[in-house]
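What follows is a short report on a single structure.
The values are calculated or read from the model by the stated rules, or taken from the named source; none is laboratory data. Since the structure is predicted, the reported quantities are computational estimates derived from the model, not experimental observations. Heads up, the Cβs are rebuilt from the backbone with ideal geometry, glycines too, and the neighbour counts pull from every protein chain shown.
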Amino acid sequence: MPDPLPATENANPLTRAIDRASTEEVLALINTEDAAVAGAVRREIPRIAKALEAIEKCWDGGGRLYYVGAGTSGRLGVLDAAECPPTFGTPAERVQALIAGGRDALLRAVEGAEDSPEQGRADLVGHGFRRGDALVGIAASGRTPYVLGAIEFAASLGAVTVGLSCSPGSVLEDSVRYPITPDVGPEVVAGSTRMKCGTAQKLVLNMLSTGLMIRTGCVLGNLMVNVQAKNAKLARRAERIVGEVTGCSLAEARSWLAKADYDVRLAILIRMGRMHRADAQQLLRSCGNNLRKALQTLPA
């Protein structure tokens with residue numbers, strides 16, 4: 001008897017005639033279905049919170065966050081990991097993403113790459129995954145062999161395992177310590193999980209990575225004080241952040257940033273604490289690179 005189809009393969013009764021709809025009707029149907037995604041993710045917030053707290057504990061212990069997926073799910077993991085260093089100043093190795101088929105799969109489908117659980121395990125081993133790290137397996141159907149192989153290996157080490165799928169009752173959901181399963185319902189085009197499932201996965205990954213960075217001191221208020229000013233746009237953002245936090249003009253902010261080699265946190269500490277760069281660096285390190293904690297040590 002064949003395995004039952006995952007929920008992600010179900011046909012949507014509301015879009016059975018979409019191929020005969022007008023252009024605006026097609027777009028309205030897609031938009032209506034998309035509108036349900038945020039609610040499905042919201043219902044998973046208690047589970048997302050438990051996963052985030054477990055990931056944070058790993059992070060505070062020096063562990064790393066890994067994503068693993070295939071196809072759209074894998075690409076979303078790569079995207080989220082790639083955004084962490086410029087946005088939050090994290091070393092690239094601390095948030096890593098593995099995709100079935102490797103780099104080639106980022107631009108085009110690599111047929112059959114997702115079918116090997118052994119490759120999922122091997123890729124995780126090859127990237128140095130260890131017990132103190134956290135793994136988020138991403139698979140819309142919840143049964144991608146590549147992802148399940150990686151999860152099985154991580155679980156065998158006793159590492160934190162999170163499963164992000166859109167198929168309630170899936171193998172992935174049952175295989176991890178922290179399942180996250182936004183039930184978005186059937187896709188507009190049956191089985192096209194780059195649509196609602198992909199949107200839900202993107203939202204959850206945003207919540208996990210951004211929540212982690214907020215919880216670990218990479219944000220002051222709602223300002224990205226760890227931003228890496230690698231281009232003109234980000235340099236201007238750094239200047240605005242220093243100006244907003246310290247109350248100085250943009251011209252003054254540029255001056256303080258120049259003294260800090262455009263490290264926003266150091267520029268703020270140099271300005272607020274009237275200290276030399278080396279002293280600001282030492283203070284920041286002593287506070288676990290948490291700017292808020294460092295600012296709280298300064299005289300009133």
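Tabulated data
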{"quantity": "Residue match in the stretch 260-275 (condition: assigned to a helix (DSSP H, G or I) and farther than 18 Å from Leu291 by Cα)", "calculated": "no"}
{"quantity": "Subset of the stretch 115-138 [farther than 16 Å from Gly102 by Cβ and among the charged types (D, E, K, R)]", "calculated": "Arg130, Arg131, Asp133"}
{"quantity": "Close pairs from the stretch 194-213: first in contact (Cβ under 8 Å) with a residue 24 or more places away in the chain and under 18 Å from Pro6 (Cβ atoms), partner among the acidic types (Asp, Glu) and surrounded by fewer than 23 Cβ atoms within 10 Å (Cβ to Cβ), Cβ under 8 Å, at least 6 apart", "calculated": "Met195/Glu33; Met195/Asp34; Lys196/Glu33; Lys196/Asp34; Thr199/Asp34; Val204/Glu44"}
{"quantity": "Residue list for the stretch 184-213, filter: surrounded by fewer than 16 Cβ atoms within 10 Å (Cβ to Cβ) and within 19 Å of the chain's Cα centre (by Cα)", "calculated": "Asn206"}
{"quantity": "Long-range neighbours under 7 Å by Cβ, at least six apart or interchain, first residue closer than 18 Å to Thr181 by Cβ and of a type in the set (Asp, Glu) within the stretch 1-28, second part of a loop (DSSP other than H, G, I, E, B) and at pLDDT 90 or above", "calculated": "Glu9/Ala190; Glu9/Gly191"}
{"quantity": "Selection within the stretch 118-151 - under 17 Å from the mean Cα position of the chain (by Cα) and hydrophobic (A, V, I, L, M, F, W, C)", "calculated": "Ala134, Leu135, Val136, Ile138, Ala139, Ala140, Val147"}
{"quantity": "Qualifying residue in the stretch 143-166 (condition: part of a helix (DSSP H, G or I), within 30 Å of Leu220 (Cβ to Cβ), among the small types (Gly, Ala, Ser) and touching a residue at least 12 places away in the same chain (Cβ under 8 Å))", "calculated": "no"}
{"quantity": "Any hit, the stretch 222-244, residues being of a type in the set (S, T, N, Q), assigned to a helix (DSSP H, G or I) and in contact with a helix residue (DSSP H, G or I) (Cβ under 7 Å, 6 or more places away or on another chain)", "calculated": "no"}
{"quantity": "Complete set of residues in the stretch 98-142 that are aliphatic (A, V, I, L, M) and surrounded by fewer than 24 Cβ atoms within 10 Å (Cβ to Cβ)", "calculated": "Ala105, Leu106, Leu107, Ala109, Val110, Ala113, Ala122, Val125"}
{"quantity": "Filter result for Leu298 (touching a helix residue (DSSP H, G or I) at 6+ places or on another chain (Cβ under 8 Å), of a type in the set (A, V, I, L, M, F, W, C) and part of a helix (DSSP H, G or I))", "calculated": "no"}
